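See below for the structure under consideration.
What follows draws every value from the coordinates through simple rules; no lab data is involved. All figures in this text were calculated on a predicted structure; none of them were measured in a lab. Note that we place each Cβ from the backbone using ideal geometry, even for glycine, and neighbour counts take in every protein chain shown.
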Amino acid sequence: MAIFNPTDTALSIKNLTVSYHNQPVLWDIDLDIPAGVMAGIVGPNGAGKSTLIKSLLGLVPSLSGEVMVHGRPYATQRKRVGYVPQRSSVDWDFPTTALDVVTMGLYGRLGWLKRPGQKERHEAQEALEMVGMSALAERQISQLSGGQQQRVFLARALVQQADVYFLDEPMAGVDATTERAIIDILRRLRDAGKTLIVVHHDLQTVRTYFDWLLLLNVRVIASGKAEEVFKIDHLRQAYGGQIALLNDNESLMFSASKVK
Amino acid sequence: MVWLELLSDYTFQNVVIGASLLGLISGPLGCFAVLRRQSLLGDAISHAALPGICLSFIITGSRDIGGIIMGSLITGSAAALIMLVLTRLSRLKTDAALGACLSIFFAVGIVLLTYIQSTNNASQGGLEAFLFGQAAATLRSDLWVMGSITLVTLVLLAVFWKQAKLVTFDAEYARTLGMPITVIEASLTAMVALAVVVGLQMVGVILMAAMIVAPAAAARQWSRHLGGMLTIAAGVGIVSGVSGATISTLSRGLATGPLIVLTATVIVLISLALAPGRGLLWGVIKHYRQKSALQKQQLLYALYKHSADPSCAPSTLGSRRMLNKLKQQGYLSRSPRGTTPGDDGWGLTAQGQAEARRVVAAFEELAS
């Protein structure tokens, strides 16, 4: 379990509002996430989970709001932030190799004119090894399976050596083995003092994976330590009637989540 | 001797150099356009160049290449910009916005063209040549301009290679790294407009889109890296330019631009069919090989597992052909017809038994 240090806030959001075609997608989000936690963002479809991450990173324009990373504005802290987008956000038929995609994670550090060289390729190779993909470094990305593509994206973020990582549904559409492998890597990162902020859709695994939770449905329903947030009242508030099914399994879910 | 004569021909030299320059610039930039799913953007930009050409003629009163380049760049970029604004601000989808921009600008161009023709200006002759290109009218001075544009564009691409590649592959991620993606995307689009300008004289505004799309489409089939794709696209562009120009000159009178486009199309068709790994032909061959291997395994498996049960004996035409093939390969033997009806007397040889055991073992390993 990570040690919560109240003085160090990895991510602080104040008064964030995002709208799309006059429809509020995120409304007045206030949030502080402490450093060194594995934080899950959970909520129903259309709750604005991905939009939250994208607006923090400046990929979606926001009406208002202030985002601080480790106490300073995000724009000045880009190098300390890593991003793993949804796998479906790119065209995997792009002519390139797994190693090359991972090397792209270093482009920010290289600046405008410098090209990736031997050193960068070596770092990328190491990141691929961390995600168990070193044998497939020279493979065309179009020939990778969904789980392997997700690992490549993870390696590309790892190579950035950031302090705060945003991951958009990294477990979507991957098999159980890959999910296990990804969660192991994320835990290792957390234990090394990094902060991981993960959009997640599977309520069954939430308590097992995360030590900090944000329950979102356009507004913040609840946020804080996972055991305080993952309560049936909060879930019902976030999911509305859809949570009925969960009620029967509640005891089962909580006993399962004790397995660490 | 006809070749030597041809090579020393002033017009032929100009046409071949011009066509090569066109291939050299349109191939690599086409790759970015195709990978960014903006192949038709080139089409819109090139059609929108026509009003620019006409406006420049109306203002300057001459067919000066500098004015024509400026005019076509301005209206071409304006069309691209309006298209982008339309898709961003309205709910119009990209294809609809593209179609609207393309036809409106082209219509304005045609109106201006007919207006110029109606004024009976003596120097307007041949302005309509920009519709389909007029390669033979290329001057040495035009080549210098085309060459400079090509050189500057390719150098820019080489310097900002990293940025262009990442923005094309994953623009959102590029932005999180702090890259100014709007500037980079706008530059890539502006470079497509430059490629169009180089092609105006050679293939004209209508067919220019083919020179953006065709070399890139062919190159994608043959390459595994972006760098390789760009190089091959440039090569395809140059080869189709030079061969189109040569065919046109040798045939005396056939239009150069369309011939260049047709040559490029032939290369695309060959690439789509034959390229290793991605070509259709290899796909078909692979499909039949796999199908036949699977059928063989299935038959051996069935004969091995159900040899005691003659009712399982296969009798369709396809499987009978496969049975005969396996007999030739020594896996099967056929004994005289059995006593029970339906028993065809097929049996595994010793070699067949061994192969069947291997298949069964592999299958069971897969299943577990």
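By other beta-carbon atoms within 10 Å, ranking A:156, B:37 with the fewest at the front produces B:37, A:156.
Under the criterion of Cα pairs below 8 Å and six or more residues apart, the relative contact order for region B:2-275 equals 33 percent. Applying the Karplus parametrisation 6.51 cos²θ - 1.76 cosθ + 1.60 with θ = phi - 60° to the phi angles of region B:269-283, what ³J(HN,Hα) value in whole Hz is obtained for each residue in order, glycine and proline being reported as x? Ordered by residue, 3J(HN,Hα) equals 4, 4, 5, 4, 7, 10, 4, x, x, 9, x, 5, 4, 5, x Hz. Each principal axis of the Cα atoms in region B:174-230 has its own extent, and those three values, largest first, are 40, 27, 13 angstrom. Under a Gaussian network description of chain B, with springs only between Cα atoms under 10 Å, the residue in B:25, B:110, B:285 that fluctuates furthest is B:285. Stokes-Einstein diffusion for region B:2-275 at 10 °C, viscosity 1.306 mPa s, with a Kirkwood radius from C-alpha pairs, works out to 84 µm²/s. Past 20 Å, Cα to Cα, is the threshold; run A:194/B:162; A:114/B:162; A:79/B:162 against it and keep the listed order. Listed pairs above 20 Å: A:194/B:162.
Along region B:7-21 the Karplus relation, 6.51 cos²θ - 1.76 cosθ + 1.60 evaluated at θ = phi - 60°, assigns HN-Hα couplings of 5, 8, 6, 4, 4, 4, 4, 4, 5, 5, 5, x, 5, 5, 4 Hz to successive residues, with x for each Gly and Pro. Equivalent-ellipsoid semi-axes for the protein assembly as shown (Cα gyration tensor, √(5λ), whole Å, largest first): 51, 43, 22. Classification of chain A by its C-alpha gyration tensor yields a prolate form. The axis ratio a/c (a ≥ b ≥ c) is 1.5 or more, and a/b outweighs b/c. Look at B:41, B:89, B:154 and count the other Cβ atoms within 10 Å of each Cβ; fewest to most, that gives B:89, B:154, B:41.
Put in line by how crowded their Cβ is, counting other Cβ atoms within 10 Å and starting with the fewest, B:150, B:114 read B:114, B:150. Per-residue shielding of A:98-110, expressed as the average number of other chain Cβ atoms within 10 Å of the residue Cβ, stands at 3. Computed from point charges on the beta carbon alone (+1 for Lys and Arg, -1 for Asp and Glu), the dipole magnitude for the protein assembly as shown about its Cα centre is near 1120 Debye. Bin all alpha-carbon pair distances of region A:54-202 at 10 Å intervals from 0 and give each bin's fraction as a whole percent. Each 10 Å bin holds this share of Cα pairs: 11, 40, 37, 12, 1. Taking 7 Å steps out from each Cα toward its Cβ at residue B:88 and residue A:89 produces label points 1.9 nm apart.
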